[in-house]
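Trainee: I have a structure I would like to understand better, so I am pasting it below and will then ask my questions one at a time.
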Amino acid sequence: MTTAAALPPGLADLVDEFEGVSTKDRLQLLLELSQELPGLPGHLVGHRDSMEQVHECQTPLFLAVEVADDDRVQLYFDAPPEAPTTRGFASILRTGLHDEPVQTVLDVPDDFYVRLGLAEAVSPLRLRGMAAMLARIKRNVREQAR
Amino acid sequence: MALAHDDDPKLADYAHPGRLVTTGWLAEHLDDPGIAVVESDEDVLLYDTGHIPGAVKVDWHTELNDQLTRDYVDGAGFAELMSDKGIGRDTTVVIYGDKNNWWAAYALWVFSLFGHPDVRLLDGGRAKWNQEDRPMTTEEPQRPRTSYPVVERDDTVIRAFRDGVVAHLGKPMIDVRSPGEYSGELLHMPDYPQEGAVRGGHIPGAANVPWAKAAADDGTFRSRGELEELYQGEAGLSPEDNVVAYCRIGERSSHTWFVLTHLLGYPNVRNYDGSWTEWGNTVRAPIVAGSERGSAP
């Protein structure tokens with residue numbers, strides 16, 4: 001079992017928030033997060049070819065991972081408004097991991113999302129997209145941090 | 001009391017015009033007593049971002065599937081779901097959804113397993129309603145609870161199981177997946193998650209007609225003539241055929257089942273919901289790889 005201490009503070013707070021509410025409210029929380037997903041920064045707008053597609057998501061999701069000079073991870077996501085669940089997953093990772101140090105991101109347990117308690121609300125199958133996003137983020141971080 | 005059918009001339013050409021309604025008809029009948037509008041989407045949250053006023057959400061994963069066994073809910077489960085949604089046995093149910101009504105057709109097929117008497121699809125689905133700038137709301141509808149009777153699911157008429165498909169080998173079959181999945185190059189839909197089949201290819205003898213070919217650019221169903229050309233012309237089916245349709249988990253093939261059964265009027269079409277995730281994992285099940293149909297062993 002993983003412990004909350006292993007997660008960066010932003011992500012740990014989100015996990016606590018999800019753990020503390022009912023299944024129905026978890027969906028509402030995910031919906032709110034989907035609406036808060038920030039748009040792409042100027043240098044990525046219109047440049048999907050420089051982003052990575054997360055094929056494991058049911059709807060097209062594009063991801064860009066940049067490691068800044070201070071070794072902090074910058075995360076950008078692009079998904080259409082008709083895909084609120086995918087946007088919600090992306091927003092969880094953005095809220096929890098954006099601007100965190102490389103090692104902190106790499107140390108996030110691969111199965112952290114289980115603790116969000118979303119399996120019952122959105123079904124385990126749909127949750128696979130979240131695992132895939134994290135795996136792709138970590139792979140990108142590893143490649144760039146070498 | 002069931003509502004009168006939509007007498008739109010486009011729908012009148014189909015075999016069972018009462019199974020479809022147009023967006024214009026629905027807009028006029030939204031407040032009629034006796035109607036329930038149901039949204040069923042791939043994305044579990046899409047309904048919550050805004051839906052047709054008064055519509056309730058039915059989710060295929062979390063509400064229509066049994067959560068333990070790979071199966072649908074049973075008669076008691078369906079009765080509870082319907083009662084909770086405020087749908088009675090005599091309610092006219094109009095289902096719509098995203099992606100060319102893909103999941104809406106799946107929900108309609110499940111409603112049909114329970115023999116719900118009057119269940120219809122909104123032609124063009126969510127996208128067409130939106131495109132026409134018709135009203136959407138995030139307000140949760142208040143439908144009084146009903147007492148839907150417990151009606152056992154009938155799996156014998158429109159549902160096929162693996163053993164039935166084995167017995168059906170050599171008879172007409174439609175694989176509605178993408179050409180890459182059919183040939184075996186892809187084990188899942190392009191851009192979609194891998195859903196665990198250890199072998200690629202198709203059931204011997206199955207013709208490949210990707211499901212979305214039945215939809216026009218605006219998401220409505222193609223005309224009867226175009227559908228006949230597609231399924232009778234290209235795929236070589238005849239209305240009197242006994243047909244099994246399948247895809248990966250039975251959702252896309254529900255859409256084709258709807259087209260063959262209700263738009264073209266084929267009386268003997270079954271949906272094999274085990275589909276490729278069952279067949280492609282079954283020990284010693286015969287498989288054909290490549291774009292040729294192949295023939296039954």
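Trainee: Can you tell me how many residues within segment A:53-78 are open to solvent by 10 Å² or more (accessible area, probe 1.4 Å) and within 22 Å of A:GLU32 (Cα to Cα)?
Mentor: The total comes to 7.
Trainee: Sticking with this one: Looking for whichever is surrounded by 18 or more Cβ atoms within 10 Å (Cβ to Cβ), within 28 Å of B:ASN268 (Cβ to Cβ) and at pLDDT 95 or above here; the options are B:VAL119, B:VAL151, B:VAL157. Which one fits? Lay out the reasoning, then the answer.
Mentor: Working: B:VAL151 fails: surrounded by 18 or more Cβ atoms within 10 Å (Cβ to Cβ); B:VAL157 fails: surrounded by 18 or more Cβ atoms within 10 Å (Cβ to Cβ).
After ruling out the rest, the residue left standing is B:VAL119.
Trainee: Taking segment A:116-141 only, how many residues are of a type outside the set (S, T, N, Q), surrounded by fewer than 19 Cβ atoms within 10 Å (Cβ to Cβ) and either over 14 Å from A:LEU75 (Cα atoms) or within 14 Å of another protein chain (Cβ to nearest Cβ) (or both)?
Mentor: 10
Trainee: Could you list, in sequence order, all residues of segment B:42-59 that are open to solvent by 10 Å² or more (accessible area, probe 1.4 Å) and in contact with a helix residue (DSSP H, G or I) (Cβ under 7 Å, 6 or more places away or on another chain)?
Mentor: Selection gives B:ASP43, B:ASP48, B:THR49, B:VAL56, B:LYS57.
Trainee: Right, something else. Among the listed residues A:ASP99, A:ASP107, A:ASP111, which satisfies the condition of being open to solvent by 40 Å² or more (accessible area, probe 1.4 Å) and in contact with a strand residue (DSSP E or B) (Cβ under 9 Å, 6 or more places away or on another chain)?
Mentor: Step by step, each of A:ASP99, A:ASP107, A:ASP111 is checked, and only A:ASP99 is open to solvent by 40 Å² or more (accessible area, probe 1.4 Å) and in contact with a strand residue (DSSP E or B) (Cβ under 9 Å, 6 or more places away or on another chain).
Trainee: Still on this model: I need a count of the residues in segment B:129-138 that are open to solvent by 40 Å² or more (accessible area, probe 1.4 Å) and either over 30 Å from B:ASP8 (Cα atoms) or not acidic (Asp, Glu) (or both). Even if it seems obvious, please write down each step before you answer.
Mentor: Of all residues in segment B:129-138, those open to solvent by 40 Å² or more (accessible area, probe 1.4 Å) come to B:130-136, B:138.
Next, from what is left, pick out any that are either over 30 Å from B:ASP8 (Cα atoms) or not acidic (Asp, Glu) (or both): B:130-131, B:134-136, B:138.
Residues in segment B:129-138 being open to solvent by 40 Å² or more (accessible area, probe 1.4 Å) and either over 30 Å from B:ASP8 (Cα atoms) or not acidic (Asp, Glu) (or both): 6 in total.
Trainee: Report, ordered by the first and then the second residue, all pairs with beta carbons closer than 6 Å, sequence separation of six or more or different chains, a first member in segment A:59-86 that is over 16 Å from A:ARG48 (Cα atoms), and a second member that is in a loop (DSSP other than H, G, I, E, B) and open to solvent by 30 Å² or more (accessible area, probe 1.4 Å).
Mentor: Final answer for the pair search is A:ARG72/A:ASP99; A:GLN74/A:ALA68.
Trainee: A further question on this structure: Would you call B:ALA107 crowded, with 24+ Cβ neighbours inside 10 Å and not basic (Lys, Arg)?
Mentor: Considered against the rule, which asks whether it is crowded, with 24+ Cβ neighbours inside 10 Å and not basic (Lys, Arg), B:ALA107 comes out as yes.
Trainee: Which residues, counting only those in segment B:60-69, are open to solvent by 40 Å² or more (accessible area, probe 1.4 Å) and more than 9 Å from every other protein chain (Cβ to nearest Cβ)?
Mentor: B:GLU63, B:ASP66, B:LEU68, B:THR69 - these are the residues of segment B:60-69 that are open to solvent by 40 Å² or more (accessible area, probe 1.4 Å) and more than 9 Å from every other protein chain (Cβ to nearest Cβ).
Trainee: Could you count how many residues in segment A:79-96 are open to solvent by 40 Å² or more (accessible area, probe 1.4 Å) and more than 14 Å from every other protein chain (Cβ to nearest Cβ)? Reasoning before the result, please.
Mentor: In the first step, residues of segment A:79-96 are kept if they are open to solvent by 40 Å² or more (accessible area, probe 1.4 Å); the result is A:81-82, A:87, A:94-95.
Next cut, more than 14 Å from every other protein chain (Cβ to nearest Cβ) only: A:94-95.
So the answer is 2.
Trainee: Still on this structure, please answer the following. Anything in segment A:22-52 that is open to solvent by 50 Å² or more (accessible area, probe 1.4 Å) and of a type in the set (Val, Ile, Thr)? List them, or say none.
Mentor: Within segment A:22-52, A:VAL45 is the sole residue that qualifies.
The values are calculated or read from the model by the stated rules, or taken from the named source; none is laboratory data. Values in this document were obtained by computation on a predicted structure and should not be read as measured data. Using ideal geometry, Cβ is built from the backbone for each residue, glycine included, and neighbour counts are taken over all protein chains shown. All accessible areas refer to the heavy atoms of the entire protein, side chains included, with ligands and DNA or RNA removed. Shrake-Rupley method; radii C 1.70, N 1.55, O 1.52, S 1.80 Å.
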